[in-house]
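Q: For reference, the structure I am asking about is given below.
The values are calculated or read from the model by the stated rules, or taken from the named source; none is laboratory data. Only a predicted model underlies this, so the values are computations on that prediction, with no experimental measurement involved. Here the Cβ positions follow ideal geometry from the backbone for every residue, glycine too, while neighbour counts run over all protein chains shown. Note: areas computed on protein heavy atoms with side chains; ligands, DNA, RNA excluded. Shrake-Rupley method; radii C 1.70, N 1.55, O 1.52, S 1.80 Å.
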Amino acid sequence: MSRHIRVDPILCDGFGQCAELLPELVELDEWGYPIVSDAPIPASLGAEARRAVAMCPRLALALEERRAREPAGAAP
Amino acid sequence: MNALALSETSSAVQPQLLSGRRYDAPLPVLSRTGDRERLLAEIEASGLTGRGGAGFPTAIKIRAVARDRSPVVVANGTEGEPASAKDKVLLVANPHLVIDGAVVAARLVGAREIVLAVGRGDAAAIAALERAVAERRDKGVALRIAAAPTRFLAGEESALVNWLNGGPAKPTIERPFERGVYGRRTLVQNVETLANVALIARHGADWFRRLGTAKEPGAALVTVLGAVRAPGVGEIELGMTLREVIALFGGMTAIPQAFLLGGYFGTWVTAHDTLDLPFTNESLRPLGASLGARLLIVLPQDACGLAETARVVRYLERQSAGQCGSCFFGLAAIAGVFERLASGGVAAPQAVERLSRLVAQVEGRGACALPTGAAGLVTSALRVFAREIDAHAAGGCCGPHRSRVLPVPDANDNEWN
Ligand SMILES: Cc1cc2nc3c(=O)[nH]c(=O)nc-3n(C[C@H](O)[C@H](O)[C@H](O)COP(=O)(O)O)c2cc1C
Ligand code: SF4
């Protein structure tokens with residue numbers, strides 16, 4: 001199991017705060033919407049990741065446990 | 001919405017899916033756990049995968065949904081892809097086989113409700129289903145027909161479930177096998193998949209595997225359009241070559257330039273690379289293509305692949321639910337640049353580079369696969385029509401003066417509910 005950041009693209013309105021709080025894992029596309037890294041959250045960034053999730057004005061971010069090689073939102 | 005001659009069917013195999021044969025023998029009852037387990041093992045052994053486009057193993061999905069105490073089964077016959085007609089043809093030819101499969105699936109997962117979902121604009125399929133439902137005497141399960149908005153996204157499973165729950169036919173981030181109709185685990189299965197479930201329940205896995213390849217067993221419905229003599233829907237064996245599939249539709253009427261495989265979510269491939277390859281995902285994957293909902297469109301030499309793609313990309317952009325930022329902005333930008341590329345008058349290298357950058361920004365980003373599908377279509381067009389791109393940049397456009405091959409509905413069905 002590994003821990004990842006997941007964005008709900010429907011809720012997200014492109015505030016971009018997550019990219020400021022967590023530039024290591026989040027970059028913004030040219031319209032200001034977050035492109036979230038697929039990589040597991042490194043232990044050193046755990047606190048920042050939790051903060052980014054808690055501070056999202058649209059509550060569009062979540063922490064997600066993933067089994068090895070399981071892509072986000074895959075079929076069962 | 002659909003301009004195809006739906007009555008045209010051709011088959012390479014003794015048709016089962018399109019035979020219209022009504023079985024007299026009752027379906028297996030499956031009241032005991034052991035019976036259900038045996039049939040599930042049979043479906044697993046058959047290797048049946050979803051026929052709605054994603055190709056997910058059916059047995060795994062059934063097992064996931066069976067965990068709920070009262071799940072729901074949805075037969076997905078909405079077929080919003082404008083160029084595809086296989087599900088519409090199947091529903092008219094053999095509605096009982098689809099319902100048989102839905103009833104078997106309901107018994108396997110323990111569902112007491114089956115929703116038969118079709119496009120609202122598909123009068124023939126609705127009539128066929130209404131007639132068939134009136135003839136059914138299935139015990140312990142209620143059947144209902146739901147006429148969904150006729151639009152591309154309405155067949156995406158979370159959108160369909162959202163609409164069935166009273167919302168708009170827009171995708172959500174829920175996965176129906178976890179949370180579907182009424183919040184219950186819901187088995188959404190393409191109607192052709194269900195028809196195969198019925199056949200496997202009657203004849204077994206070995207019978208199913210007598211056709212097709214080891215990795216992609218079975219017969220399949222295809223829609224074949226474009227420069228072929230008898231465009232329409234047919235039943236083929238997976239593993240036939242593209243040439244053999246096309247021959248079934250009367251052969252080609254012009255020298256082929258490229259094929260569009262899989263649908264508007266699909267991939268362009270050059271004709272001479274692929275004509276003698278087996279019509280399977282396995283053989284086409286190295287070319288970046290997959291069979292999707294098993295659509296094959298033959299683009300003749302004198303058509304303009306860029307103009308065709310531009311029209312389809314604009315269509316896909318208009319189908320966006322506008323919910324996800326990257327889809328809303330990204331597809332509009334892609335459609336605009338592609339149209340300029342297709343009409344000449346832009347510096348081709350810059351346009352191609354811009355498109356690649358845009359594609360990278362929409363791929364895998366949406367709640368649903370619409371932006372990813374559109375991105376794949378664009379990427380394959382840039383590859384397959386590279387020479388056309390140069391020609392357009394040098395001499396302006398050819399597209400508007402040429403015949404149109406890919407059907408794109410002019411009038412949008414604007415309803416989401
Ligand atoms: C934009 C979009 C449109 C879709 N349209 C259809 C459709 O019209 N019919 C269909 O069966 N599946 C469609 N699908 C796939 C469904 O989401 C789902 O995977 C399928 O119905 C599951 O059935 P299967 O496993 O039997 O293929 C669509 C998917 C996407 C992303
Ligand atoms: S990706 Fe596009 S079509 Fe899919 S849910 Fe988001 S906005 Fe809608």
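Q: Could you count how many residues in segment B:127-148 are within 20 Å of B:Ala25 (Cα to Cα), open to solvent by 90 Å² or more (accessible area, probe 1.4 Å) and within 24 Å of the chain's Cα centre (by Cα)?
A: Residues in segment B:127-148 being within 20 Å of B:Ala25 (Cα to Cα), open to solvent by 90 Å² or more (accessible area, probe 1.4 Å) and within 24 Å of the chain's Cα centre (by Cα): 0 in total.
Q: Right, something else. Among the residues of segment B:291-328, write down those that are acidic (Asp, Glu) and over 25 Å from B:Val228 (Cβ atoms).
A: Filtering segment B:291-328 for residues acidic (Asp, Glu) gives B:302, B:308, B:317.
Passing the criteria: only B:Glu317.
Q: Tally time: how many residues in segment A:2-27 are open to solvent by 40 Å² or more (accessible area, probe 1.4 Å), more than 10 Å from every other protein chain (Cβ to nearest Cβ) and either over 25 Å from B:Ser356 (Cβ atoms) or hydrophobic (A, V, I, L, M, F, W, C) (or both)?
A: To start, the set of residues in segment A:2-27 that are open to solvent by 40 Å² or more (accessible area, probe 1.4 Å) comprises A:3, A:6, A:10-11, A:13, A:15, A:17, A:20-21, A:23-24, A:27.
Now narrow it down to the ones that are more than 10 Å from every other protein chain (Cβ to nearest Cβ): A:3, A:15, A:17, A:20-21, A:23-24, A:27.
Still in the list and also either over 25 Å from B:Ser356 (Cβ atoms) or hydrophobic (A, V, I, L, M, F, W, C) (or both): A:3, A:15, A:17, A:20-21, A:24.
Total satisfying the criteria: 6.
Q: May I ask you to say which residue of B:Ala169, B:Ala147, B:Ala125 is in contact with an Asp or Glu (Cβ under 9 Å, 6 or more places away or on another chain) and within 25 Å of B:Gly234 (Cβ to Cβ)?
A: B:Ala125
Q: Give the residue that is least open to solvent (accessible area, probe 1.4 Å), with candidates limited to residues of segment A:59-76 that are modelled with pLDDT of 95 or more and assigned to a loop (DSSP other than H, G, I, E, B).
A: A:Ala60
Q: Give the residues of segment A:28-55 that are more than 14 Å from chain B (Cβ to nearest Cβ), open to solvent by 20 Å² or more (accessible area, probe 1.4 Å) and closer than 26 Å to B:Cys368 by Cβ, sorted by residue number.
A: Passing the criteria: A:Ala39, A:Pro40, A:Ile41, A:Val53.
Q: If you don't mind, another one. Are any of the residues in segment B:37-47 within 16 Å of ligand 2 (Cβ to nearest atom), at negative phi and either buried (at least 20 other Cβ atoms within 10 Å of the Cβ) or not assigned by TED's automatic domain parsing to the domain that holds B:Pro95 (or both)?
A: Going through segment B:37-47, the residues within 16 Å of ligand 2 (Cβ to nearest atom) turn out to be none.
So far as segment B:37-47 goes, no, none of its residues is within 16 Å of ligand 2 (Cβ to nearest atom), at negative phi and either buried (at least 20 other Cβ atoms within 10 Å of the Cβ) or not assigned by TED's automatic domain parsing to the domain that holds B:Pro95 (or both).
Q: May I ask you to list the residues in segment B:64-79 that are within 13 Å of another protein chain (Cβ to nearest Cβ) and either out of contact with any Pro (no Cβ under 8 Å at 6 or more places or on another chain) or aromatic (Phe, Trp, Tyr) (or both)? Working first, answer last.
A: We begin by selecting, within segment B:64-79, every residue within 13 Å of another protein chain (Cβ to nearest Cβ); these are B:64-68, B:71.
Answer for segment B:64-79, where residues must be within 13 Å of another protein chain (Cβ to nearest Cβ) and either out of contact with any Pro (no Cβ under 8 Å at 6 or more places or on another chain) or aromatic (Phe, Trp, Tyr) (or both): B:Ala66, B:Arg67, B:Asp68, B:Pro71.
Q: Out of all the residues in segment B:365-399, which are at pLDDT below 90, touching a helix residue (DSSP H, G or I) at 6+ places or on another chain (Cβ under 7 Å) and not aliphatic (A, V, I, L, M)?
A: Of the residues in segment B:365-399, the ones at pLDDT below 90 are B:387-399.
Checking which are touching a helix residue (DSSP H, G or I) at 6+ places or on another chain (Cβ under 7 Å) leaves us with B:388-390, B:392-393, B:397, B:399.
Across segment B:365-399, the qualifying residues are B:Glu388, B:Asp390, B:His392, B:Cys397, B:Gly399.
Q: All but one of (1) away from ligand 1 (no atom under 14 Å from the Cβ); (2) touching a Lys or Arg at 6+ places or on another chain (Cβ under 9 Å); (3) not hydroxyl-bearing (Ser, Thr, Tyr) hold for B:Cys324, so report the exception by its number.
A: Evaluating B:Cys324 over (1) away from ligand 1 (no atom under 14 Å from the Cβ); (2) touching a Lys or Arg at 6+ places or on another chain (Cβ under 9 Å); (3) not hydroxyl-bearing (Ser, Thr, Tyr) leaves (1) as the failure.
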